[in-house]
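The values are calculated or read from the model by the stated rules, or taken from the named source; none is laboratory data. The model shown is predicted, which means the values in this text are computed figures rather than measured ones. Here the Cβ is made from the backbone with ideal geometry for all residues, glycine too, and neighbour counts use every protein chain on show.
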Amino acid sequence: MTTSNHSAIAAAARRAGLTQQGARVEHVSFRRKLRFGSTDIQSAMDLRDPDRLVLDYTRLMMAFLLFQPQPQHILMIGLGGGSLPKFCHRHLPGSDITVVEIDPAVIALREQFEIPPDQADFRVVQADGADFVAAVDDQRFNVILVDGFDAEQMAPALGTQNFYGHCARLLRPGGVMLCNLHELDIYYGVFMERIALAFDGNALVVGTRECGNAIVFARKDWAIDARLPKHLVRPASMAPSAWSDIEADMYDVLREARQAWENR
């Protein structure tokens, strides 16, 4: 390959964004997307309904409501395009939400994704998620959501035994930690073993409808099936349209949790 041809290809790759590893925003039809690198979509927002959960795994993660229907304190590790923080802030008005994001470039995009400004019950903290949970000693949470990826993989610090141990420490009894994992990650099995160890085996994994992701639900001190609702009930503060978006995923997790109890 000649130098001129190589330069032309490199220039074309830069124009297409294929060499970018940092956060970047794309627009496709009515969607605004956040990407890290050239392939993975980290977040997507419907410009016609900015608070709607577009990606399948985000809807599945809202199934924490089965275990904590009225969470007072929610901790989220990883901001991305803010889909889950926005949804929770709008539809769970009694919840205090803390979001921890390591990358200031991602936080700088919050207005483009219509993420609420910091206020009394909602805040975005620029910090390493692993360092944050290790340092906190005066707070306890009902729900911890872990969704921290870069262009290539989940941040390694969010998959250590120490990290999961600190998450368990910060949860109130009956509280739940959810982790978004890639099923094809070579360390997927290791992460599952570490989560199970940190939570005394009280863990459940549910695959997303879209291939590639799995959500792990882990409960502090309680069995995964303890005190589950007999029937799904829409929270009074949640709009019917928002509930209809997540109801099928909620039912999937409820069914899996009941089957886990029956198979013990």
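Each row is one residue, and each column tells you yes or no for (1) under 26 Å from residue 251 (Cα atoms); (2) assigned to a helix (DSSP H, G or I).
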site: 53; (1), (2): yes, no
site: 63; (1), (2): yes, yes
site: 70; (1), (2): yes, no
site: 97; (1), (2): yes, no
site: 116; (1), (2): no, no
Residues of the range 212-224 being of a type in the set (Gly, Ala, Ser) and either over 19 Å from residue 158 (Cβ atoms) or without any contact (Cβ under 8 Å) to a residue 40 or more places away in the chain (or both), which ones? 212, 214, 223
Do we have any residue at all in the range 198-211 that's in a helix (DSSP H, G or I) and without any contact (Cβ under 8 Å) to a residue 40 or more places away in the chain? yes
Looking only at the range 132-178, which residues are of a type in the set (Asp, Glu) and either closer than 17 Å to residue 216 by Cα or free of Cβ contacts under 8 Å to residues at least 24 places away in the same chain (or both)? 137, 138, 147
Let me spell it out: the conditions are (1) under 26 Å from residue 94 (Cα atoms); (2) not in a loop (DSSP other than H, G, I, E, B), and residue 256 meets all of them except one. Which number is the exception? (1)
Close pairs (6 angstrom Cβ cut-off, 6 or more residues apart or separate chains): closer than 20 Å to residue 134 by Cα in the range 85-105, in a strand (DSSP E or B) and aromatic (Phe, Trp, Tyr) anywhere: 97/122
Give the residue that is surrounded by the fewest Cβ atoms within 10 Å (Cβ to Cβ), with candidates limited to residues of the range 140-166 that are assigned to a loop (DSSP other than H, G, I, E, B) and modelled with pLDDT of 95 or more. 160
State yes or no: is residue 203 under 19 Å from the mean Cα position of the chain (by Cα) and surrounded by 14 or more Cβ atoms within 10 Å (Cβ to Cβ)? yes
Out of 130, 134, I need the residue that is surrounded by 15 or more Cβ atoms within 10 Å (Cβ to Cβ) and in contact with a His (Cβ under 7 Å, 6 or more places away or on another chain). Which one? 134
Tabulated pairs, the range 106-131, first free of Cβ contacts under 8 Å to residues at least 12 places away in the same chain, second surrounded by fewer than 20 Cβ atoms within 10 Å (Cβ to Cβ) and in a loop (DSSP other than H, G, I, E, B), C-beta under 6 angstrom, 6+ apart or interchain: none
